[in-house]
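Written below as structure tokens is the structure these notes are about.
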Amino acid sequence: MALHTLDWVVVTGYFAVILGLAWWVIKQRQDTSTDYFLAGRHLGWFIVGASIFASNIGSEHLVGLAGTGATDGAAMAHYELHAWCLLVLGWVMVPFYMRSKVFTMPEFLERRFSPAARTVLSVISLVAYVLTKIAVGIFAGGIVFSVLLPEVRFLGLDSFWAGSILVIVLTGLYTIFGGMRAVAYTEALQTVILIIGSILVTFFGLQALGGWSELRAIAGSEMFNIWKPLVPAGMESTWAPVREVGRMAWYFNDSYPWLGMLFCAPIIGLWYWTTDQYIVQRALGAPGEREARRGAITAAFLKLLPVFIFIIPGLICFALAQSGKIPALREQLFSAEGALLRDNAQKAFPLLVAHVLPVGIRGIVVAGLLAALMSSLAGVFNASSTLFTMDFYSRLRPQATQHQLVWMGRVATAVMVFIGLLWIPVIQGGKGLYDYLQGVQAYLAPPIFVVFFLGVFNKRLNAKGCLAALLSGFALGLFRLAVDTPVKLIENFAYTKGSFFWIINNIFFQYYSLLIFIVCVIVMIAVSYTTAEPAYEKINGLTYATTTREDRDASRTSWSKGEVIASGVVLALILAAYLYFTG
């Protein structure tokens with residue numbers, strides 16, 4: 001359904017405001033690496049929180065969460081309700097990060113352990129950003145363009161290519177010249193646009209359906225039960241997280257087992273929200289602990305919204321199609337025999353935008369979708385350039401001037417933009433790419449989570465234990481990815497049932513992630529305690545046991561009752577959501 005003139009005016013206005021804001025930021029002096037990579041450490045708490053949220057919420061969230069809402073109901077709300085992880089960032093990890101005055105997470109790992117640990121984490125992070133965040137962001141953005149902007153053409157290229165190139169280039173330009181400050185301020189504005197647009201989709205979707213009670217009646221209680229899809233039929237009273245009963249059945253399936261979700265999802269959540277450069281860099285841009293903590297709490301509040309403005313629209317799209325109230329939606333989501341077309345359900349959000357929103361409002365929502373795509377891409381471009389410049393270039397060229405560091409940061413960003421453009425033909429032909437990438441972070445997260453959290457809480461763990469845990473964990477993760485890749489990307493490829501590779505491929509990715517976690521914990525502790533103790537004077541302030549009284553007093557004076565109450569409200573809202581979405 002093509003956009004009308006008023007919609008195009010709104011979309012054009014969005015681009016004008018974003019580029020105007022970016023231009024204003026670019027004109028600010030950014031002569032030092034601190035200015036370029038951390039916005040001079042002058043970001044206020046709202047900018048920090050909104051920027052964290054915008055970096056997390058890309059087009060893949062709108063497309064993927066709404067898609068799972070249409071197919072599995074509220075099940076994926078588990079991941080979105082991990083807003084409590086942001087409280088861990090603000091209250092537990094921020095004091096260590098702010099005291100260390102680091103630019104990157106690998107740099108913190110070097111301070112705590114060794115330069116080798118920093119190098120390993122930097123390499124893995126850069127590779128992961130290219131294979132996951134850039135790839136899946138462009139892939140989801142292509143779906144948005146193909147559904148909502150099919151008329152966009154450029155030099156004979158279809159909407160997928162033309163739209164993706166336009167957004168990648170524009171985002172890359174203001175990221176290259178504006179650095180972290182441009183990324184953070186534009187992300188704050190994009191957060192507002194994204195939230196307003198998504199709320200409008202939910203409102204008009206419910207209006208077209210007949211209200212919330214009608215949604216509950218059509219979708220049924222199972223679609224509103226975040227636990228039901230995770231527990232197999234006939235096994236509600238047992239712990240077994242499977243749909244089918246059979247020999248070793250609890251090991252094998254391709255869904256989301258509740259036991260795996262219970263233990264694995266927090267590991268992934270804590271890794272992502274508290275140790276990933278992509279997220280934490282925004283907190284590092286705050287002037288001190290107070291602003292960084294308040295920003296994390298603000299982001300926690302915002303993180304509760306996707307359940308209602310992304311997943312619920314997917315449910316609404318399913319209900320509208322199921323009820324036949326919008327025949328075009330039924331044709332898109334259901335086969336002639338009445339079976340739900342799961343692949344088509346990934347278009348649930350843009351389809352809802354195209355069929356239920358009035359003229360003008362549709363333009364606002366399209367601007368929100370573009371905001372999601374641009375903010376996530378800007379975040380990964382900036383994070384990648386920071387990692388490369390500060391973790392590699394500055395170490396290879398220790399005498400580099402501040403001007404040279406900024407220049408290299410811009411070059412690195414341009415390279416990431418170029419890589420993003422090269423990814424377009426790869427992801428356009430990808431088979432099940434989004435679902436495949438959901439498991440990638442489950443394989444990469446455990447070793448990073450282990451070395452950061454065990455390193456902060458146990459001063460006895462040393463550099464050799466850290467490096468052994470990182471290498472063993474990443475080796476296990478890359479092995480699983482190598483086994484999974486042919487199955488996901490090659491048509492009709494399958495391993496012989498019962499073979500070793502078949503077993504590896506069919507283990508729940510959550511259980512495999514837990515296996516990596518357990519191995520990393522054992523390896524790190526065993527190696528550390530069988531080798532020499534670390535030099536405690538060198539890790540002063542980097543673990544709880546080596547924190548001085550002055551550091552503890554400074555942290556205590558950085559927060560007040562307001563932050564405690566706000567954090568309690570976040571936890572209460574999470575509990576309320578769990579209670580509501582339990583059938």
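Rule-based calculations on the coordinates, nothing more; no lab input. None of these values were measured; they are calculated from a predicted model. Ideal geometry is used to build each Cβ from the backbone, glycine not excepted, and the neighbour counts take in all protein chains shown.
Per-residue packing, averaged as other Cβ atoms within 10 Å, sorts the ranges 182-192, 366-376 into the order 366-376, 182-192, beginning with the highest.
Across segment 5-580, C-alpha contacts under 8 Å between residues 6 or more apart give a mean separation that, scaled by the residue count, equals a relative contact order of 28 percent.
Considering only Val353, Gly205, Ile193, the residue lying farthest towards the positive end of the dipole of the chain is Ile193, judged by Cα position with unit charges set on Cβ. Given the pairs Lys133/Lys561; Lys325/Lys347; Lys27/Lys101, which are separated by over 29 angstrom at their Cα positions? Result: Lys133/Lys561 exceed 29 Å. Pick out, from Gly40, Ala283, Val483, the residue whose Cα sits farthest towards the positive end of the charge dipole of the chain, with +1 on the Cβ of Lys and Arg and -1 on the Cβ of Asp and Glu. Of the candidates, Gly40 comes out farthest on the positive side. Near Ala319: Cβ cut-off under 15 Å, other residues only, Lys/Arg at +1 and Asp/Glu at -1. The net charge is 0. Ordering Thr531, Phe581, Phe509 by the projection of their Cα atoms onto the charge dipole of segment 496-583, which places +1 on the Cβ of Lys and Arg and -1 on the Cβ of Asp and Glu, puts Phe581 at the extreme positive end. Val564: net charge of surrounding residues, Cβ under 15 Å, Lys/Arg +1, Asp/Glu -1, itself excluded? Net local charge, Val564 excluded: +3. Other residues within the sphere of radius under 15 Å centred on the Cβ of Val201, judged by their own Cβ, net out at +1 (K and R +1, D and E -1). For the chain, a crude dipole built from +1 on the beta carbon of Lys and Arg and -1 on the beta carbon of Asp and Glu, taken about the Cα centre, is about 1160 debye to the nearest 20. Look at Trp271, Trp45, Trp502 and count the other Cβ atoms within 10 Å of each Cβ; fewest to most, that gives Trp502, Trp45, Trp271. Our helix-only sum for the chain, with -39,500 (n - 2.57) per DSSP H run of n ≥ 4 divided by its residues, gives a mean residue ellipticity at 222 nm of -22500 deg cm²/dmol. Seen from a random direction on average, the alpha-carbon convex hull of the chain projects onto 27.0 square nanometres.
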